[in-house]
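The values are calculated or read from the model by the stated rules, or taken from the named source; none is laboratory data. Please read these numbers as outputs of a predicted model, since none were measured by experiment. FYI the Cβ positions are ideal-geometry reconstructions off the backbone, even for glycines, and counts take in every protein chain you see.
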């Protein structure tokens with residue numbers, strides 16, 4: 001449970017936590033809400049409700065060493081990612097997770113980082129959150145690999161499925177930036193706060209970013225919830241649907 005960041009299971013109300021080995025009386029214990037275990041894959045712990053606040057400095061993002069990747073083709077960029085040891089994440093993961101889909105796609109969906117399933121298979125969004133993302137795509141008449149590309153901000157799994165840290169984002173973001181340059185998408189959908197803030201160079205709440213058209217170097221960018229968060233908060237799916245409909249409308253208006 002600790003590995004899944006599902007602790008504490010209970011907390012004492014209005015009292016200091018006891019020393020180890022001294023359990024609380026049942027009357028003083030406030031139980032945490034029940035956990036739906038079937039929805040909790042290793043990927044699904046990328047939850048905004050448990051993600052530490054990530055501060056992505058806009059000045060840092062504006063001075064990232066993207067020039068080192070300028071001109072790289074798809075094969076060269078993939079090899080560069082496979083060989084990358086620029087941050088500590090590479091030493092703790094099985095393999096890098098580059099991205100998947102149509103390399104000339106109109107739609108680009110960007111998540112936070114690989115989970116355990118992705119680390120094992122080398123493809124983003126392959127667990128329960130990935131199944132939900134596929135359903136989200138189908139709802140707006142899209143399909144993984146068909147005019148859709150899926151990537152993450154960081155290409156290596158953070159230990160314990162924690163959120164990527166600012167320095168790790170800084171090292172890995174140029175790879176995503178080069179992917180965007182190669183794909184030339186017409187719409188970017190940022191899934192979750194980490195992806196949104198990294199692409200926009202902000203430190204903002206998801207609520208403040210949703211429902212608006214943002215701009216990434218001339219490309220419209222829409223912010224919505226990470227599918228893993230929706231697994232834990234299914235009542236928010238209606239809001240995610242609104243975000244997707246907004247993105248579709250923008251794409252339709254752009255093409256007419």
### Query
Based on what the data block shows, is residue 180 surrounded by 13 or more Cβ atoms within 10 Å (Cβ to Cβ) and more than 18 Å from the chain's Cα centre (by Cα)?
no
### Task
Search the stretch 213-238 for residues being in a loop (DSSP other than H, G, I, E, B) and touching a strand residue (DSSP E or B) at 6+ places or on another chain (Cβ under 9 Å), and hand back the single one that is farthest from residue 130 (Cα to Cα).
213
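Which residue, of 132, 137, is part of a helix (DSSP H, G or I) and touching a strand residue (DSSP E or B) at 6+ places or on another chain (Cβ under 7 Å)?
Answer to the check: 137.
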### Task
Working carefully through the options 160, 211, find the one that is at pLDDT 95 or above and on the phi > 0 side of the Ramachandran plot.
211
### Query
Can you find even one residue in the stretch 234-248 that is more than 16 Å from the chain's Cα centre (by Cα), at positive phi and surrounded by fewer than 19 Cβ atoms within 10 Å (Cβ to Cβ)?
no
### Query
Looking at residue 53, is it at pLDDT below 95 and either over 30 Å from residue 136 (Cα atoms) or within 21 Å of the chain's Cα centre (by Cα) (or both)?
yes
### Query
What residue, among those in the stretch 142-165 that are part of a loop (DSSP other than H, G, I, E, B) and touching a strand residue (DSSP E or B) at 6+ places or on another chain (Cβ under 8 Å), is surrounded by the fewest Cβ atoms within 10 Å (Cβ to Cβ)?
145
### Query
Does any residue in the stretch 233-247 that is more than 17 Å from residue 208 (Cα to Cα) come within less than 8 Å, Cβ to Cβ, of a residue that is assigned to a loop (DSSP other than H, G, I, E, B) six or more places away or on a different chain, and which pairs are these?
233/49; 233/225; 245/140
